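Notes follow once the structure below has been shown.
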Amino acid sequence: MNDLIKKLVEAFGPSGFEDGMRDLVRPEIEAYADDLRVDNLGNLIAYKKGDGSGLKVMLAAHIDEIGVMVSHITEEGFCRFTNIGGVLPHNLNGSRVQFANGTVGIISSDRLTDRSKIHGLDKHYIDVGASSKEDCPVSVGDPAGFKREFLAQGKRLTAKSMDDRIGCVVAIEALKRLESTPHDLYFAFTVQEEVGVRGALTAANQIDPDVGIALDVTLTGDVPESNPMAVRLGDGAAIKVKDSGMIAHVGLVNVMKQRADEAGISYQLEVLTGGSTDARSMQISNGGAAAGCISIPCRYVHSQSETVDADDVEACIQLLVEILSKPIEL
Ligand code: CO
Ligand code: ZN
């Protein structure tokens, strides 16, 4: 599975520029889907037919990632940029980004007069090796993704864009392992989550699911001076109860807990005080859906060293398979 993780996390795909990601996911799921389509916004949706006795269930994992976009190029050939999604200035100095044409840039910032402070994004720039505006290999409007190699160190897996390529891996693996299902399943590999859970909303409006389950990362409370939070790396799949954009459907949370208990899958309950997922979009689409989220605990979210635990990933896959292969009584 690490080969698949490496392939997905290292790929380019800032929000709005997910074509390459779609091309990587499609061959992984083709053989397991009864139908495969791409909608106008770019969501890749795989349909797997149920036996007619179940519900219409939508799964959502986002294929986009945070990134940057060139907003201005100086006479000396340095690129000023804006953010695509939640880019954190304190994670930027010395970072490398890669553009769609292969150009690699290094991020630095204007001189700090007070080193205890951090500049905002507007005082950072990308050095792409140009010496003037004329020989700059990228243009205003070009997006770039962060560039970092996948690292597997024991059970700890580290990469840029674990958020949410690891959720995509959970979806892909569950689809592969699912032998039979009573439900009509729609696996949506969604776009533009990082800029406001947009792709999942239009996908859910088309699919009109009874139940929506997002697969995404969540924060942990197990590092020095972290915000108090009950989720710990290595303690199992996180069943979301609430985040700042959604209160999960109580019946669905109970089904998730019950399936985990029956199958002996380790899990923890998640209350996230900041941030949300595609589950929010599914919940408020059309006339509404019973929505929830299976979260993969992740340290250092929105840095280039997002870290998950392989056992947690496996627990999330197993839990999803258990939920989808049995009736869902809300
Ligand atoms: Co994110
Ligand atoms: Zn995410």
- Of L44, L55, L36, the only residue that is under 20 Å from the mean Cα position of the chain (by Cα) and away from ligand 1 (no atom under 16 Å from the Cβ) is L44
- Message: Given the criteria under 19 Å from I166 (Cβ atoms), modelled with pLDDT of 95 or more and either buried (at least 19 other Cβ atoms within 10 Å of the Cβ) or within 16 Å of ligand 1 (Cβ to nearest atom) (or both), does G85 qualify?
- Response: yes
- Message: Among the residues in the range 218-239, are any at negative phi and within 14 Å of ligand 1 (Cβ to nearest atom)?
- Response: yes
- Screening A310, A279, A289 for residues that are within 14 Å of ligand 2 (Cβ to nearest atom), at negative phi and of a type in the set (G, A, S) leaves only A279
- Message: So in the range 186-224, with the set limited to residues that are within 11 Å of ligand 2 (Cβ to nearest atom) and open to solvent by less than 10 Å² (accessible area, probe 1.4 Å), which one is nearest to the chain's Cα centre (by Cα)?
- Response: D216
- Looking at this structure, is L92 more than 19 Å from K160 (Cβ to Cβ), surrounded by 11 or more Cβ atoms within 10 Å (Cβ to Cβ) and not polar (S, T, N, Q)? no
- Query: Filtering the range 102-130 down to residues that are polar (S, T, N, Q) and part of a loop (DSSP other than H, G, I, E, B), which residue is least open to solvent (accessible area, probe 1.4 Å)?
  - Reply: T103
- If you go through T181, T158, the only one that is farther than 21 Å from V253 by Cβ, in contact (Cβ under 8 Å) with a residue 40 or more places away in the chain and of a type in the set (V, I, T) is T158
- Query: Residues V308, V321, V313: which one is crowded, with 19+ Cβ neighbours inside 10 Å, away from ligand 1 (no atom under 16 Å from the Cβ), under 16 Å from the mean Cα position of the chain (by Cα) and not small (G, A, S)?
  - Reply: V313
- Scanning the range 100-119 for residues that are within 12 Å of C79 (Cα to Cα) and of a type outside the set (A, V, I, L, M) gives G105, S108, S109
- Query: Identify, please: which residue in the range 255-291 is open to solvent by less than 10 Å² (accessible area, probe 1.4 Å) and among the charged types (D, E, K, R) and is, among those, nearest to ligand 1 (Cβ to nearest atom)?
  - Reply: D278
- Message: Among the residues in the range 236-250, are any open to solvent by 70 Å² or more (accessible area, probe 1.4 Å) and in contact (Cβ under 8 Å) with a residue 12 or more places away in the chain?
- Response: yes
- Query: For the range 1-99, list the strands (runs of 3 or more DSSP E) that sit wholly inside it and hold at least 1 residues that are closer than 18 Å to S305 by Cβ and in contact (Cβ under 8 Å) with a residue 60 or more places away in the chain; which are they?
  - Reply: 67-73, 96-99
- Task: Taking the options G77, G42, name whichever one is under 30 Å from I207 (Cβ atoms) and either of a type in the set (D, E, K, R) or surrounded by 15 or more Cβ atoms within 10 Å (Cβ to Cβ) (or both).
- Result: G42
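The values are calculated or read from the model by the stated rules, or taken from the named source; none is laboratory data. In this text the structure is predicted, and so the values were computed from the model without any measurement. So basically every Cβ, Gly included, is an ideal-geometry build from the backbone, and we count neighbours across all protein chains shown. Note: areas computed on protein heavy atoms with side chains; ligands, DNA, RNA excluded. Shrake-Rupley method; radii C 1.70, N 1.55, O 1.52, S 1.80 Å.
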